Amino acid sequence: MEHKRSTSRLTEFDRKGVFGMKLDNSKQEFETGKKLVPGGVNSGFRYRDPFPIYFKRAEGSRVWDIDDNEYIDFLVANGACILGHKDPLVLCAVQEQLETGLTVALESELSIEVAKLLHEMIPSAEFVKLSNTGTEAVMHAFQIARGYTGKNVIIKTEGSYHGWQDEANLSVHPALQGNNSPGETSSAAIPESEGYARSSLQNTLVVPYNNSDALEKCIIENKDRVAALIIEPVVFNSGCILPKEGYLQAIREITSKYGVLLIFDEVITGFRVAPGGSQEYYKVIPDISVFGKAIANGFPLSAVVGSEEVMQVTTPKTGKVGFAGTYNGSQPSLAASKACLNQIKDGSVQRKLSKDSQTLLKRFEESVSRSGVKARLQSLAGKFQIYFTDEPVTDYASAARSDRTKYALLCDALLSSGMLFHQSYLFHHGVSKAHSAEDVDKLCQSFDIILHDMNRN
């Protein structure tokens, strides 16, 4: 459906609503839901001021809320739906699997078929283990790294999110310390939430992204304690921060030099950047990798993959690291994964996403040039984020210094135009195979109007 208000009416924004959009049903659902579910949502990322929007269906590049507003979806299940919503081949495969009656807690041919696809697609995937979520996969990866090395400490990069467990959800989006320059934010592990075990702070060290010298210094100072470095090769969990030329190669050399395992968190980069993930794209092979989201086009499935030597520690009876879960490799998710991976393994989807990224970059730069607004769009493989800043965004500190007030105006204006964006100025957005050239064009036109009005107002 067409929305009645234009994105050019920035000054008319009312904090109790969005440009007159009808959201009465969502508001009522929130009033009911918050009496049963804290905040009315089951994931904090879904909360939106002044109340969350509730949805009822999705197809292709579109989602519809319970007030019948239609949106072009630029969240695409936080990056999971690489093919778009309700992909017909995935849907058919899941429906056929449901007819067998097999769901969880048993192995089937599907688990081996999916493992074989992952082995063939991912450079580092000599061996594969399946789980359900990115968080679970990271937990398993940590245990594997500790079991293999006999060491306990994990190093992570600031601004990266690796799930909600105690030893990973640290220093994701911490407050900046004073007038930080890039790479100078606090190296202390800072919990993103209360309720975590204080001991987790002793087992996690934090270094800035895109700074290999800081990593080497940290490893040298803790050389007898460090089991692994975990890193998002592209930091999508702070928007879209790309690695500097040679950075990933440098950390591979450093970790190998000091006997530290390198873990790539490819939960978001996996299958978008290339069929084999960012490790194929950047030609850097980690010891362990975790994959999720796009692995099954939105169905719950994740994988831990790695070298035979490292992964063998999870072998039943002879291995020393346990790996279990009733829902690991559930058959409906495996059916979805097989149908999804078979569509993306030839690289055609990735080429389409890359083309969309180039269009977004070019058109946004043109809009910035015309408007005079200090803003930049950073994008790779169809994923992107807008930063309101005139400095290069190369790490968490530089991303966090962008103007969140202007981003909020942009987000609200886009939402009122029927484009689903997230309220956080450090979130990631993207397109899928299902997004048309017209969808991308509409977004670019909206950018142009909104930036023009920002400069005028």
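The values are calculated or read from the model by the stated rules, or taken from the named source; none is laboratory data. Values in this document were obtained by computation on a predicted structure and should not be read as measured data. Glycine also receives a Cβ, built like all others from the backbone with ideal geometry; neighbour counts cover every protein chain displayed. We work out accessible area using only protein heavy atoms, side chains counted, and drop any ligands, DNA or RNA first. Shrake-Rupley method; radii C 1.70, N 1.55, O 1.52, S 1.80 Å.
Some notes on this structure:
- Of the set (1) more than 26 Å from residue 113 (Cα to Cα); (2) modelled with pLDDT under 95, all apply to residue 364 but (2).
- Every pair of residues 6+ apart whose Cβ atoms lie under 8 Å, when the first sits in the stretch 256-283 and is over 18 Å from residue 147 (Cα atoms) while the second is in a strand (DSSP E or B) and open to solvent by 10 Å² or more (accessible area, probe 1.4 Å): 273/380
- When residue 130 is tested against the conditions (1) in contact with a strand residue (DSSP E or B) (Cβ under 9 Å, 6 or more places away or on another chain); (2) in a helix (DSSP H, G or I); (3) open to solvent by 20 Å² or more (accessible area, probe 1.4 Å), the lone failure is (2).
- Checking every residue in the stretch 115-126 against the condition of being part of a loop (DSSP other than H, G, I, E, B), surrounded by 18 or more Cβ atoms within 10 Å (Cβ to Cβ) and of a type in the set (S, T, N, Q) gives at least one match.
- Residues of the stretch 329-373 classified as surrounded by 16 or more Cβ atoms within 10 Å (Cβ to Cβ) and more than 23 Å from residue 90 (Cβ to Cβ), total: 10
- For the stretch 64-78, the set of residues classified as within 23 Å of residue 133 (Cα to Cα) and open to solvent by less than 40 Å² (accessible area, probe 1.4 Å) consists of 73, 74, 75, 76, listed by residue number.
- Across the stretch 294-307, a minimum of one residue is classified as of a type outside the set (A, V, I, L, M, F, W, C), touching a Cys at 6+ places or on another chain (Cβ under 7 Å) and crowded, with 24+ Cβ neighbours inside 10 Å.
- Of everything in the stretch 29-63 that is among the acidic types (Asp, Glu) and either under 28 Å from residue 379 (Cα atoms) or touching a Lys or Arg at 6+ places or on another chain (Cβ under 6 Å) (or both), the residue that is surrounded by the most Cβ atoms within 10 Å (Cβ to Cβ) is 59.
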